[in-house]
Structures are given as C-alpha cells and as structure tokens.
Amino acid sequence: MSSRFRASCLAAAVLVAVLVACDREERRSRSKPIGENVPAGATPDTIYAGGGPGPALDPRAALYDNNAPAIADGQQLYMRMNCVGCHSHGGGGMGPALMDDEWRYGGRIDQVASTIAEGRPNGMPAWRGRLTDDQIWKLAAYVRTLSGQPSKDSVASRADAMSAGAPQTLTPREPAHTSDSAQQ
Amino acid sequence: MARVGRSWIAAWSAFLLCSSPAGAQPHAISAPRAAPPDNGNWEMPGKNYASTRFSAMRQVTPANVRKLGIAFTFSTGTNRGFEAPPLVVGGTMYLVTPFPNYLYALDLTKPGAPAKWTFKPKPAAAAQGVACCDVVNRGAVHSKGRIIFNTLDGQTIAVDAKSGRQVWRTRLGNIQKGETITMAPLVANGKVIVGNSGGEMGVRGWIAALDEGSGRLAWKAFHTGPDRDVLIGSRFKPFYAMDRGKDLGVKSWPPEAWKIGGATAWGWISYDPALGLIYYGTSNPGPWNPDQRPGDNKWSTGIFARDVNTGQAVWFYQSSPHDLFDHDDINESILADIPWRGGRRPVLLRPGRNGFFYVMDRRTGQVLSATPYGYINSAKGVDLRSGRLIPVKEKEPRQGRVTRNICPAAPGAKDWNPAAFSPVTGLVYIPHINLCMDMGAMEANYIAGTPYVGADVKMYAGPGGNRGVFTAWDPLRRRKVFEIKEDLPLWSPALATAGGVVFYGTMDGWFKAIDARSGKLLWRFKTGSGIIGQPISYRGPDGRQYIAVVAGVGGWAGAIVSGKLDPRDPTAALGFVNAVKDLPSKTTAGGMLYVFALPR
Amino acid sequence: MTSRRAAAASLPLLLCACQYQTYQSALGDAGVEDRQFLILFWIFFAICAAMYALVIAFLVAAIVRRRRAGNANVVESGRHHESHPLMRTGLVCWTVLVSTGLAALAIASFIADRSMAKAAAREQLSITVTANQWWWDVRYNSSDPSKTLRTANELHLPVGVPVRIQLRSNDVIHSFWVPSLAGKQDLIPGRDTDVTIVPKRTGIFRGQCAEFCGVQHAHMALVVNVVSYGDFVRWWEHQLQPAATPRMPLAQAGYNYVTQRECAMCHTIAGTPASGRVGPDLTHLASRRSLAAGTTPMGKGNLYGWVADPQSMKPGSKMPTVGLEPDELHAVVAYLETLK
C-alpha cells in the first residue's frame, strides 16, 4: 500500500514538473526595444562584388519566423491592411501570387519584411511609418505561411477565411527561389 | 468602291426589309447623325458616336471569308491584356498598348506596314499596383490630326498624328488615392471626355472634359457628393422618382462614405450630336460589402446623360440601386432609332452588366424594356413603373456570411467588352459570359492606395457549363435570334460588317467569323494569344477591306495568365481565377497585331 | 404583486447589510427586461430557499433524532417491508410539494421568457453592435442613411423607448450584458442575434462582455448612458458632426500625424481622410467616459498612457505600441483632446 502511494506521489510530481516546464513559445505583446526599424534594403539574392558572403540574416527574424502567435497576428493584419485585396489568399490579383515559388524580391522573412516596409517599384505600397515594425515582421511571418515555409506546428490548423479552404497545416512547402525568375 | 452614302444605307435597309424572310417587319437602325456614313477609317474605338462598331464595307462576305489570310503582323512588345482597337486614319494605323502605354504608328502605305514612329509616355510604374484588373488600356481616339489617349497613371496625352510629338499632356488622376485611367477617351464637340478608374480602391469617381486644343480642364463632374459637385442643376430631369431629390449623392450614403464611394467612369461613352448629350455609365459603389453603405448609393451603377459643353446632367437612371454584386453600369450605349407607333423613337440599346438588355429613350432616360439576355437568379426583373431593379432577398450578401450561387456573377452577364450593332440586320451582336459566384462579405478597411472591397468571391460556370456565349439579340422583339456557346468566357468585343460577317475572338486565341444572320461559323484563325481586343475593319490605301485585331490575353478574365496567378487559390483575381483555372494550359501571354485580307 | 414587490425590495436589504451599487447589477432594476428577470429571480429564490430550508430541517432532524431502541432488529423481525403510514403520507406530500414547486418554476420561467420576447416586437430605435476583440462597434441605424451614426464602446439610450440592438461579431463569440438593463445575449460570428432593452430610468450603467473571448476579455466593458429623449436627440445630432479642424499648432501637428501615419490605418475620424475600420471610431473620442472599452476612465493622463503604450494597459490588444517621439506624443494627444 505504501509503495503504491509513493508511486502515485512520484507520478504526480513528474506530471507537475512536466506541466510547469511546458513553455511553448513566448508571446510578446510588443517588440523590444519599441520603435526599432525593419531592416532596410534586405536585397534579393544577387552578386556581391568582390566575392565573399552577403549580409547575415537579421537576428530578429528568429523571433518571428515559425512563431505561432506572430503568424496568427499576421493573418489578421493581412486581412485588415488589405493585403488580401491585392494578393487574395495567396493566389494574387492586382499583386503577384504569394503561394507559389517565385519571389521577385526574395522570400526570406527579412526580405519580405523589407518589401513590406519599403514598397517595390511595380506597385507594392510602402508601409514604413504606417505599420509598426512588429506588425511588419508579423505580416512577413504570415506571408511565408502562404507558400508553406514555416514549420507546420506554428500555423493555424483551421482555415479561418470565408472561403474555408484547406487549413494551412496542409499547405505544401514551395521551394523559395529568391532569384528574380518571376520578373517578366 | 463607291463612298457609302446615307441614302445607300436607307436603300439597303429597305431592300433587306422587303426581302428578309421575316416579312416587312421594321427593325432598328443607327441614329443618323451619330453614325455618319462609313469612310473606311476607324477613328474612335466605337467606330462612331453611336458606338455601332459596324463597318459598312462589303468585300468580305460569307461566301469568301474562308479565304481570309494574313496580310501583315506586328508585335507590340507587350504581354499584358490588350483591349484597345487599332485606329486607322489617313493610311496610318495607330496602336496604344497596355502599360507602359506605348503608342505606335504603322505606315499602311508601305509593304509590311513598318512603324513610322513610337511615342512612349513613360507613366509611373507604381500605377500597376493600383490597377484592379490588369494594366489594360481601352484605346485611343483620333481627332483633328491628333491621337489622344490616357495613361495608366492618370494622364491624358495628345500626340500629333503625323510626327508623333506630344502636343499637350494633362494630369487628371492621382495614383496615391488609388486612381488610374484605363478607358478610351471620346472627343465630341471640341471636348476630350475622360473618366477615372478605381471603384475597387475607394476613389471618388468623376468624369471630366478637356479642351481639345489645349488640354485644359473645361469641366469636371463627380459621381458622388453634393449636387454642385455632380453638376446637377436646373437642367436635371431624371425620369424616375427614385432618382429625384436634392443632394442625393450625400443623402443616400452613410455620413462621409460618399467621399470614398467609387462610382467611377471607366467604360464607354456615346454621343448624340443632335441632342448635344453624352451618355455613359458609372461603376459600382465602394466597398463591395453592401452592409457598410446602407442607402441607394447615388450616383453609382447608373447611366448619366450630360450636356457635352457644360457637363450639366440632364438625366440619370440607376440600374442597380444599392448595388450588391459589383454590377458596374459602364457598358456601351448603342444609339439607335427604333420604329415606334408609326414613327421613330431615339433610344439607347444597352446590354447591361446586371443581365438585362435595356432599351431606353435617350431623350428622357425612360426604360422602354429590360429583358434578361443571360441567366439571372439575383433579381426578379425591373419594375418599369418605378424603374427599380427588384432584388432577390436570399441572394443579398451579408457581412460575415457566404452567399452562394449568385447569377450573374460580379462581371455580370457581360462586362466591358462591347457588342456591335448592325443596321442591316437590326441585331445586336453580344459577346458575353455565363458565370455564377459565391460571395462572402466582410468588413472592408479603407486605406488610401489599397483595395477597398470587403469580399471574397469565387466564380464558376453558370447553368449549361459553358462559360462564354455569343448572342445575336433582336432589341425590338426582345429575344435572341441565335446563340453560340463557348467553353471559355468571351472577353473580346464584336465587329459587325455590312458584308454579313461578324467577327469576335476567344480567350484561347481563336479569331472567328460567323454569319450575321444564322451564326454559322464561317472561318477561324488561331492567333498566338487569347483575344480580348476590339477587332476592326478598314479600307486600306489599296482600296481593299482589311480586318485587324490584336491578340494579347489578360484583363480581369485573363489575369491568371497575364499576371501569372496561382490557380490553387479560388479567390484570386476577385474570384475569376477559379472560373478559368484551365486558361494557362490553353493560351499564353502576348501582344501581336494580326491584319487579315482577302487574296488579291 | 405589491407584496411581492415589497418582498423583492426588502430581501436585498435583508440579505446584504452593506450597500450595493446599481450601475452594474442584475438586481439593479433599471430596464423593463431586467424587471422581468428580477421577478423571476425572486420567485426562484423564494421557492428554492423554501425547499432548501425544508431539506436542511429534515437533515438536521435526522441527525438529531435518536434511534428508538425497539427498531434495532427490524430486519431480523421480518417487518422491514412494511411501510410506516406516516412515512407514506410524508412521501406523497413531498412528491406533491416538489412537483408543484417545479411546475411553478417552469411556468414562471415560461411566462418571463415569453414576455421578454414580446418586447422585441415594439422597437422604435435600432442599433447594431458589432463585437470585436476587445471593443464594441456601435452603429445607430436610421431610415435616412446619411443620419446613421457610428461610435464605439458607449451607448446612449433614451429612457422609456424600446431599443432593439442587433448583435454581430467580427471574430469570436462575445456576449452583450448590461446587467441593470437586460440579460445576456451572445454575439456569434456569422449570425445575427438581438436583444431588446427598454430603460426605465436615467443614469449611467456599465455593461461588459460575458463570454470569454481572449486575453483581454476582462477589459471589454461598455458604458450605457440613459438620458431623456430630448437629450438623446441632441446627442445624436452632435455625434453626426464631423471632427472640427484644429486651430492650435500643436493640435494641427497632431492632426497631421494622426491622419497620415499609423493611426489612420485603423481608425476613422469623420471629416478627415482617416477612414480606417479596424479600430473604434474616434470622431468624438474625448466626449466618452472611458478609454479602451472601459479599461480606464477618459482623461488626459490616461490618454497619454494609452497612446504612448497601449500594450502596457491592455497587453495583447490589437492596438500596437507605436514608438512615438515625445513631441509626436504631445501633438497626438493634443489633437485627440479636441475630438469632443
């Protein structure tokens, strides 16, 4: 009797320890520090004169890429800031498709954030000063889910749009060509 | 060939009347002053002020059309949707392309029609980001030795037709607000009439007149807001009570909503020189989500008649009050005179976007008949006493819900692509579509320079499964005479000729000639890209009849090809992608001029 | 009815020796629907209290009463099948009592429910409330579309006039509850529900969201100001006025910032280019009693705090913390204060 009691105490202790340690990801209500800028000029892959590597990935990218609350917030912003009006639910329209594998200006999260912040010459509006950097990073994180880039445990498992298509956990992962293959 | 005189048309009509199998039944003819005798040129997109798109040339007939062959071609160097007709005047052919809106002049007197000059207006590239439905241009117009056209970023430019040098350039639109200009201007009585685009971007719609000589603004009328902005004054006498009242452009909207209410003028303008009136329609109100704009939303989705000199409104008819389905009313108004009680009545013939074929008295705006020419389940009809469209309540989109199987879909039973009218047969040749849609409405957020829509749309083929249909419509007997079902939507305009042949193009590139009376397919030619542009017919310097069309798929219907959109998202391109998922396998982008003629 | 009213009036005093506020209280009795609810409440209370008292009495009696010696071997004596006549009577009485009580409760509930539903047919004022995370979008409807009014987080109602509030939601399920005026009604995305309110006396009442809707559900309150009909009409006319262009240079700088930068992406201020629909309408922000759906009272200091860092007051809310420079912050708050 006492050994069973001890065993159940141990099990309870283990359960409590596991639950307490369970920390899926940190949900930040605002970025730190406040008011920082999205990186400017994160260029698409190009030739870097003189050899040598291109610029390293911005460290803030890791805070938003594969981050479920950021992606969820980004989804709401995508609808409300009218990204859906030009890019639909990834298929495109006035703007190019975001769910395919062609990225005129790069498909890495910092490149997408830079595109949103700065605008692009063929009609992508510039949002710097209209959206906070935190919102821009979140949008970039969501835009990448349209082509299936982030890990499947950070995307929504239910399609929330009116057209109720397949959930994003089923979106196939497109190769992200950061080259300019789409540019014609 | 002898010059075609007015008496010739009358005689020909009389001959046909007596010899037609239908007996001595009269039919509609073109309005005499608005459709002068054909001089073999093509000087404005609608051919004439009556917008008949009818060539009186007779060399090509049903008997010999199968011998049509290529005379020459020309690559415009662009690969977006090509909606403009070539213009032909003075032995020169003029082409205006989609963005970047190059203007080419081809010398028809030389073999192979080489380019004489090219004018490059250099419009702002950012304008491509606020153009809802491909970066198209619906054509230029020739007047008094100048070619006048609009650029995507909102400029109107007059170019000397001989030298290709700019004469004047006026900026009318502001892309920062989401305004573009895609329409073909009309020159009437010394005024260049221009309207803006952007009903999906929350712009405030307007139409303006520039002085033809200098390009300076003569008058500008908005389509929402107080009466003084809409140029509604003492001359304004709408026929129906629903269009009468003071400042309806404010009162029929929630407060301030009219400032971003759409009602642009991106379509076709006709002109009656006898009455001095221009006729044109206004676009949908913004946003598409109707819950955000209770009220009739004047002066959207309706037809204005305005005095061409002052812009003062004379009458207005709203075909879709409180529009629910993006049924812009910008379609062409064909000016015709119909037999009426022993005399003749001046009317407008309008294949409407909402699926009804309207015959309206063009002096007063009275609707004489409104008959469905496509399948409609979203409206029960038009009450001719009050003039009001009778909606079907179950099909009304509501915020937060999806309403299914709405017919016709947002592009309507027919979108911008104009029909042709033959005064010989009295029929209206309508290339149009058969699509239905599911529409989900949600709250639209207004941010200037971005879309203001609030709807997820998915379109698909209507009853019968064919997405396109070519109808020959008798406006007097109010029924179709023949109908040709097409697999793909028909997004090209039609051309009618006195020789008895009607031309149109399909979205997979077939340029077709059919018999004007029976609809029998007589000849077809596979061009390199889908056809959405206006075919024309002209008399070349050698006196022969030529047929010309530019093949370059795109526009709203062809955006999946010209914009390289992804078919896996059914809501892409405002729902059109779902209806034409097979288009990329049937055609590719292009921009090639094809000119056909009979062998010598 | 008078005696019941007297009982209803006196019971709270009996039950609760201290004073209780009536601005957010289901016992507040400020609306006709709330009155119907109150009557039902007290009927239930009385019957259930009586039953409870009886059950407690029997329980206590069972504990206190001793077992009689002669009953020790009821089983062996073979007489345990016999029923005691007193027990039989008691059981029958108890069954009748319980059935009567339940029937009374059911009938009272039915009557109350039907009379609340009948009230919906008499509406004279129509309001559409759309719930968002975590604020209330209020639209006053009118047969003249140019007189429709959009405001947020605050309802002004005329006393004695039946008001039908159509309830919608833009995201998740919320619940509209102004306890002093009426009961709860859910706002479900994709559906239209409604509640009819007939306020009986003027005053300021507080409501709040009553269905857990996310991290800031606790800060989703609503202020209801019931006024006389004349005051209500005047208030409506005033709210229809667009925001005046500011004259002071600081407020003008604030106007420029608000209409050209982040604020205009989400907020509407009538009469300015700002026409965003994501967040509350700010045209008459400074005339409201609270900020951020009841999170703090309206005031200069709270405005500064909210605009500078909304995430510290309401973490997780959709309004982002914009990194405003100090002079931008002064300008923006100066402008917002002119929006009376």
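The values are calculated or read from the model by the stated rules, or taken from the named source; none is laboratory data. Small disclaimer: the values here were computed from a predicted structure and weren't measured. Backbone-built Cβ (ideal geometry, glycine too); neighbour counts: all protein chains shown.
For the reader, a short list of remarks on this structure follows.
- Among (1) in the same structural domain as C:Leu329 (by TED's automatic domain parsing); (2) under 23 Å from C:Ala131 (Cα atoms); (3) not polar (S, T, N, Q), the one test that C:Gly214 misses: (1)
- Test: residue in the stretch C:184-202 that is out of contact with any Lys or Arg (no Cβ under 7 Å at 6 or more places or on another chain), in a loop (DSSP other than H, G, I, E, B), at pLDDT 90 or above and of a type in the set (Ser, Thr, Tyr): yes
- Matching option when the condition is without any contact (Cβ under 8 Å) to a residue 12 or more places away in the chain, more than 14 Å from every other protein chain (Cβ to nearest Cβ) and more than 15 Å from the chain's Cα centre (by Cα), among B:Arg341, B:Arg306, B:Arg345: B:Arg341
- Checked against (1) touching a residue at least 40 places away in the same chain (Cβ under 8 Å); (2) of a type in the set (A, V, I, L, M); (3) away from chain B (no Cβ under 14 Å), C:Leu187 meets all criteria but (3).
- Of the residues making up the stretch A:117-139, those that are more than 25 Å from A:Ile47 (Cβ to Cβ) and either under 17 Å from the mean Cα position of the chain (by Cα) or aromatic (Phe, Trp, Tyr) (or both) are A:Trp127, A:Leu131, A:Thr132, A:Asp133, A:Asp134, A:Gln135, A:Ile136, A:Trp137, A:Lys138, A:Leu139.
- Taken over the stretch B:219-239, the criterion of being outside any strand (DSSP E or B) and either of a type in the set (Val, Ile, Thr) or touching a helix residue (DSSP H, G or I) at 6+ places or on another chain (Cβ under 9 Å) (or both) is satisfied by B:His223, B:Thr224, B:Gly225, B:Pro226, B:Asp227, B:Asp229, B:Val230, B:Ile232, B:Gly233, B:Phe236.
- Selection status of B:Gly262, more than 23 Å from B:Ala370 (Cα to Cα), under 24 Å from the mean Cα position of the chain (by Cα) and not β-branched (Val, Ile, Thr): yes
- Of all the listed residues (C:Ala62, C:Ala46, C:Ala9), the sole one being out of contact with any Asp or Glu (no Cβ under 7 Å at 6 or more places or on another chain), assigned to a helix (DSSP H, G or I), modelled with pLDDT of 85 or more and exposed (fewer than 12 other Cβ atoms within 10 Å of the Cβ) is C:Ala62.
- B:Ser537 crowded, with 19+ Cβ neighbours inside 10 Å and in a strand (DSSP E or B): yes
- Candidate set from the stretch A:131-157 (those that are away from chain C (no Cβ under 14 Å) and among the hydroxyl-bearing types (Ser, Thr, Tyr)); member that is nearest to A:Pro167 (Cα to Cα): A:Ser157
- Flag for B:Gly468 being more than 12 Å from every other protein chain (Cβ to nearest Cβ), of a type outside the set (A, V, I, L, M, F, W, C) and either more than 20 Å from B:Thr301 (Cβ to Cβ) or surrounded by fewer than 24 Cβ atoms within 10 Å (Cβ to Cβ) (or both): yes
- Here C:Gly207 meets each of (1) touching a Phe, Trp or Tyr at 6+ places or on another chain (Cβ under 6 Å); (2) under 24 Å from B:Glu443 (Cα atoms) with one exception, condition (2).
- Candidates B:Asn189, B:Asn174, B:Asn150: the one that is farther than 30 Å from B:Ala448 by Cβ and out of contact with any Asp or Glu (no Cβ under 6 Å at 6 or more places or on another chain) is B:Asn189.
- Applying the set (1) within 20 Å of B:Thr403 (Cβ to Cβ); (2) buried (at least 24 other Cβ atoms within 10 Å of the Cβ); (3) more than 14 Å from chain C (Cβ to nearest Cβ); (4) out of contact with any Asp or Glu (no Cβ under 7 Å at 6 or more places or on another chain) to B:Arg293 leaves exactly one unmet item: (3).
- Residues in the stretch C:214-230 that are surrounded by 13 or more Cβ atoms within 10 Å (Cβ to Cβ), away from every other protein chain (no Cβ under 14 Å) and in contact (Cβ under 8 Å) with a residue 12 or more places away in the chain: C:His217, C:Met220, C:Ala221, C:Leu222, C:Val223, C:Val224, C:Asn225, C:Val226, C:Val227.
- Test: C:Ser180 is free of Cβ contacts under 8 Å to residues at least 40 places away in the same chain and either within 12 Å of chain B (Cβ to nearest Cβ) or polar (S, T, N, Q) (or both): no
- Among residues of the stretch B:571-585 being in a loop (DSSP other than H, G, I, E, B) and within 21 Å of B:Gly465 (Cβ to Cβ), the one that is farthest from the other protein chains (Cβ to nearest Cβ) is B:Asp582.
- Scanning the stretch A:82-100 for residues that are more than 7 Å from chain B (Cβ to nearest Cβ) and of a type in the set (A, V, I, L, M) gives A:Val84, A:Leu98.
- Scanning the stretch B:204-218 for residues that are assigned to a strand (DSSP E or B) and surrounded by fewer than 21 Cβ atoms within 10 Å (Cβ to Cβ) yields B:Asp211, B:Leu217, B:Ala218.
- Within the stretch C:259-289, being outside any loop (DSSP other than H, G, I, E, B), within 14 Å of chain B (Cβ to nearest Cβ) and not charged (D, E, K, R) holds for C:Thr259, C:Gln260, C:Cys263, C:Ala264, C:Met265, C:Cys266, C:Thr268, C:Ser275.
- Unmet criterion (only one of (1) surrounded by 24 or more Cβ atoms within 10 Å (Cβ to Cβ); (2) farther than 30 Å from C:Thr130 by Cα) for B:Ala441: (2)
- Only listed residue being more than 14 Å from every other protein chain (Cβ to nearest Cβ), farther than 29 Å from B:Leu103 by Cβ and either surrounded by fewer than 20 Cβ atoms within 10 Å (Cβ to Cβ) or under 20 Å from the mean Cα position of the chain (by Cα) (or both), chosen from B:Arg600, B:Arg568: B:Arg600
- Taken over the stretch B:88-126, the criterion of being among the hydrophobic types (A, V, I, L, M, F, W, C) and farther than 12 Å from B:Leu593 by Cα is satisfied by B:Val88, B:Val89, B:Phe99, B:Leu103, B:Ala105, B:Leu108, B:Ala115, B:Trp117, B:Phe119, B:Ala124, B:Ala125, B:Ala126.
- Scan of the stretch C:290-325 for residues that are in a helix (DSSP H, G or I) and more than 12 Å from chain A (Cβ to nearest Cβ), ordered by number: C:Lys300, C:Gly301, C:Asn302, C:Leu303, C:Tyr304, C:Gly305, C:Trp306, C:Val307
- Of the criteria (1) away from chain B (no Cβ under 14 Å); (2) under 23 Å from B:Gly400 (Cβ atoms); (3) not acidic (Asp, Glu), which one C:His156 fails: (2)
- Positions within the stretch A:51-65 being farther than 12 Å from A:Ala140 by Cβ and either within 11 Å of chain B (Cβ to nearest Cβ) or within 17 Å of the chain's Cα centre (by Cα) (or both), in sequence order: A:Leu57, A:Pro59, A:Ala62
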